[in-house]
1. Would you mind finding the one in 236, 223, 204, 217 that is surrounded by fewer than 22 Cβ atoms within 10 Å (Cβ to Cβ), modelled with pLDDT of 95 or more and within 14 Å of residue 186 (Cα to Cα)?
2. Hey, among the residues in segment 126-152 that are in a loop (DSSP other than H, G, I, E, B) and more than 13 Å from the ligand (Cβ to nearest atom), which one's surrounded by the most Cβ atoms within 10 Å (Cβ to Cβ)?
3. I need a count of the residues in segment 104-116 that are within 18 Å of residue 93 (Cα to Cα) and crowded, with 16+ Cβ neighbours inside 10 Å.
4. When only residues in segment 384-411 that are crowded, with 22+ Cβ neighbours inside 10 Å and over 19 Å from the mean Cα position of the chain (by Cα) count, which is farthest from residue 36 (Cα to Cα)?
5. Only one residue in 322, 306, 242 is in contact (Cβ under 8 Å) with a residue 60 or more places away in the chain, closer than 30 Å to residue 33 by Cβ and part of a strand (DSSP E or B), so which one is that?
6. Going through segment 37-57 one residue at a time, which ones are near the ligand (Cβ under 10 Å from one of its atoms) and either over 16 Å from residue 81 (Cβ atoms) or in a loop (DSSP other than H, G, I, E, B) (or both)?
7. Here are the criteria: (1) over 18 Å from residue 265 (Cβ atoms); (2) touching a strand residue (DSSP E or B) at 6+ places or on another chain (Cβ under 6 Å). Tell me which single one residue 298 does not satisfy.
Ligand code: SF4
């Protein structure tokens with residue numbers, strides 16, 4: 001491991017304030033926020049995501065879902081036809097009709113998201129009004145909310161942020177005299193959520209809730225006694241909405257790798273008054289397992305040079321993990337947005353030599369990548385194939401959002417995700 005110690009408590013501002021950040025505002029290569037539906041619909045098991053969009057939106061979802069999921073989908077697209085775009089049809093009436101049909105056919109739906117898209121925004125279809133109208137009609141059986149997954153000036157993980165932020169106003173209020181509770185925010189695979197719940201339980205933090213919950217009727221209460229831990233770094237709007245409801249964020253790095261997971265858990269443990277010896281004893285075995293699982297990949301990854309294009313917003317925590325626990329050398333760490341308040345601890349732990357860039361001018365960034373010839377490049381699907389053809393090993397950043405990577409038990413798998421492209425390349429070269 002290298003660099004400053006990874007801290008759960010807020011670090012002095014100097015660490016990240018002094019780090020120069022390259023800001024670029026040019027052409028970008030990203031997926032839109034609709035993509036988040038692919039993992040969110042698996043998480044909230046009685047929700048349905050109705051995209052109000054075009055055939056392009058439907059095709060994006062079908063191809064992404066066809067590759068990435070195998071379960072019965074709980075999303076669909078209400079396709080805006082040309083006559084809607086030409087203003088010849090009443091889009092609200094059409095939408096109401098589609099929702100009626102859907103809810104009649106699927107009585108299991110308890111939470112319906114109307115998801116806006118570029119076309120619904122182009123025709124200025126007011127989905128918040130539509131959601132209110134439909135909520136009144138279908139309450140109390142079905143709650144109807146809306147958010148935008150539009151691709152204009154967004155990146156794909158913003159879809160989850162917009163979805164969770166839309167949920168916050170409808171969360172129950174925690175009683176004023178309630179004991180402190182812990183809220184873990186960000187969609188995690190169920191298996192990861194269960195592991196964290198057990199760890200918190202062992203630490204003596206019993207009242208732990210997760211947002212989103214697995215079912216619409218189990219969404220967590222929130223209030224001034226809520227302490228929250230972000231499980232994902234791309235939830236700035238959700239964080240602001242929860243803080244407006246009185247919740248307080250516990251500053252921490254993200255639970256990637258043995259070290260990141262320990263610091264993340266420790267932030268909660270310290271706030272809830274868990275005795276350090278007890279914390280150490282309760283996490284020792286899992287920590288050691290994670291350290292050994294990660295170490296198995298160190299020989300292949302140590303000293304390898306890494307270039308991350310801005311895509312998932314996980315880039316900074318990932319680079320920190322790969323540098324500190326596997327000895328990789330991050331050359332450039334791109335992020336679509338730099339939310340300093342959320343990433344303070346992560347930025348301070350990055351090696352000094354790593355260039356942090358925010359935003360994108362894709363051609364210039366490709367030039368920097370080609371000039372650097374990194375051993376592994378983390379990027380979106382659109383850039384991966386061309387770079388592979390040029391002889392660069394790549395890792396799809398979207399895979400890191402679909403795969404369970406958080407926590408001690410997944411630390412080895414996360415390391416393996418980066419070792420695999422290098423193994424494959426070696427095999428191809430033989
Ligand atoms: S970028 Fe816009 S039009 Fe394209 S799939 Fe996303 S929401 Fe639909």
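1. 236 is the lone residue from the list that is surrounded by fewer than 22 Cβ atoms within 10 Å (Cβ to Cβ), modelled with pLDDT of 95 or more and within 14 Å of residue 186 (Cα to Cα).
2. To start, the set of residues in segment 126-152 that are in a loop (DSSP other than H, G, I, E, B) comprises 126, 139-142, 149-152.
Retained after the next criterion (residues that are more than 13 Å from the ligand (Cβ to nearest atom)): 126, 139-142.
Values: 126: 14, 139: 10, 140: 7, 141: 9, 142: 22.
Looking at the filtered set, the residue picked out is 142.
3. Residues meeting the conditions: 5.
4. Among them, the one singled out is 392.
5. Numbers: 322 fails: part of a strand (DSSP E or B); 242 fails: part of a strand (DSSP E or B).
The match here is 306.
6. 54
7. Only one criterion is unmet by residue 298, namely (2).
Residues are listed down the side, and each one gets a yes or a no for (1) modelled with pLDDT under 85; (2) more than 15 Å from residue 41 (Cβ to Cβ):
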{"position": "60", "(1), (2)": "no, no"}
{"position": "63", "(1), (2)": "yes, yes"}
{"position": "66", "(1), (2)": "yes, no"}
{"position": "70", "(1), (2)": "yes, no"}
{"position": "92", "(1), (2)": "no, yes"}
{"position": "102", "(1), (2)": "no, no"}
{"position": "107", "(1), (2)": "no, yes"}
{"position": "113", "(1), (2)": "no, no"}
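The values are calculated or read from the model by the stated rules, or taken from the named source; none is laboratory data. Everything numeric here is computed off the predicted structure, so don't read it as measured data. Counting neighbours? That spans all protein chains shown, and the Cβs are built from the backbone with ideal geometry, glycine included.
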